[in-house]
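Participant: One structure, as C-alpha cells, below. Some questions next.
Quick note: the coordinates plus some simple rules give every number you see, no bench work behind them. Small disclaimer: the values here were computed from a predicted structure and weren't measured. Ideal geometry is used to build each Cβ from the backbone, glycine not excepted, and the neighbour counts take in all protein chains shown.
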Amino acid sequence: MDLTEGTLEEKNNRAKKMMLWFGIGSLFMSFAGLTSAVIVSSKRPDWLKNFELPEAFIISTIIIILSSISFILAKRALKKEKRQQTTIWLFVTLTLGIAFIYSQITGFKQIIEAGYNFTGPTSNVTMSFIYVIAVFHILHVLAGLISLIVVIYNHFKQKYNALKMLGLELSATFWHFVDLLWLFLFLFLYFFR
C-alpha cells in the first residue's frame, strides 16, 4: 500500500503510528546501550558476581505482565463496544502500573537494606547499574501512566469506539513495549552476572 493513499485522517493515523515506532526504536537503542555497558563493565574486578535481585523486582515483573493483559482486555472490550468493561480494564491497568512503581521502590529499599547505595562508600558499580536501569525504566512507565490517564479521560469523553481508537492503540503499544522491555531487563539482570 502506498503511504500517500487514503484520507487525511488515515494519513495522520499512519504518521502518528510511525512516530511512535521511531520513538520506541530510539528507546530500545538507549536500553541496548545500557545493557552493553553492563556487559563491558562486568569484566571489572569489583563487579559483583553473586548478587541477588530484590524479591520486589520479581513481584513487579508479575505485576507488569498482568498490566499488559489488562490493557489487551480493555482494547478487546472497546472493540465490542463494551464501554463499562473498557473502563474497568483501563483502571485495572492504571492501578497495576502504579503498583509496579511501588514495587520497584520497594526493590530499591531492599537493595539499600542489603548494604548497597547508589553512590558513596557503600555503592558498587554493579548495583549502580541496576539503579540506573530501573530508574530509567520507571521514568518510561510514568510516561505510559500519563498516556493511560489521557486515554481514560478521552474514554470518558467518548472519543473512542470500535472504529476509532487510535489514542488507545498508541498508548497500548507504548505500554506493551515498556512491559516487554522490563521483562527483558529483568531476565538480563537475573541471568547475566
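Participant: As an exercise, take the mean of 1/r over every pair of distinct alpha carbons in the range 1-64, invert it, and state the Kirkwood radius in angstroms.
Facilitator: Hydrodynamic radius (Kirkwood, Cα pairs) of the range 1-64 is 16.0 Å.
Participant: Related question: Which translational diffusion coefficient, to the nearest whole µm²/s, is obtained for the range 8-191 from the Stokes-Einstein equation, given a Kirkwood hydrodynamic radius over C-alpha pairs, 37 °C and 0.692 mPa s?
Facilitator: 185
Participant: Also, I was wondering about something else. Which residue fluctuates the most in the chain, going by a Gaussian network model with Cα springs under 10 Å, if the choices are Lys159, Lys43, Lys109?
Facilitator: It is Lys43.
Participant: Please give the helix 8-41 orientation as an angle from the longest Cα principal axis of the chain, in degrees from 0 to 90, rounded to the nearest 10.
Facilitator: 10
Participant: For a quick check: with amide H placed at 1.01 Å from N, whose amide H comes under 5 Å from Phe118's, ignoring anything fewer than 5 positions away on the same chain?
Facilitator: HN-HN under 5 Å from Phe118: empty list.
Participant: Oh, and also: Determine which lysines satisfy two conditions relative to Lys82: a Cα distance under 23 Å, and not lying fewer than 8 residues away in the same chain.
Facilitator: By straight Cα distance, Lys82 reaches Lys157, Lys159, Lys164.
Participant: When the convex hull of the C-alpha atoms of the range 50-143 is computed, what volume per residue in Å³ does it have?
Facilitator: Value for the range 50-143: 85 Å³ per residue.
Participant: I would also like to ask the following. So which aspartates and glutamates pass the test for Lys17, namely a Cα distance under 20 Å, with those fewer than 8 places away in the same chain ruled out?
Facilitator: Counting by Cα, and skipping residues close in sequence, Lys17 has these aspartates and glutamates nearby: Asp2, Glu5, Glu9, Glu169, Asp179.
Participant: Still on this structure, please answer the following. Count the net charge of all other residues whose Cβ sits under 15 Å from the Cβ of Glu9, scoring Lys and Arg as +1 and Asp and Glu as -1.
Facilitator: Here the count lands on +3.
Participant: Taking 22 Å as R0, compute the FRET efficiency from the Cβ-Cβ separation of Ser26 and Ile72 and round it to 0.05.
Facilitator: 0.30
Participant: By how many degrees, between 0 and 90 and to the nearest 10, does the Cα long axis of helix 55-79 differ from the longest principal axis of the chain?
Facilitator: Between the helix axis and the principal axis of the chain, the angle is about 10 degrees.
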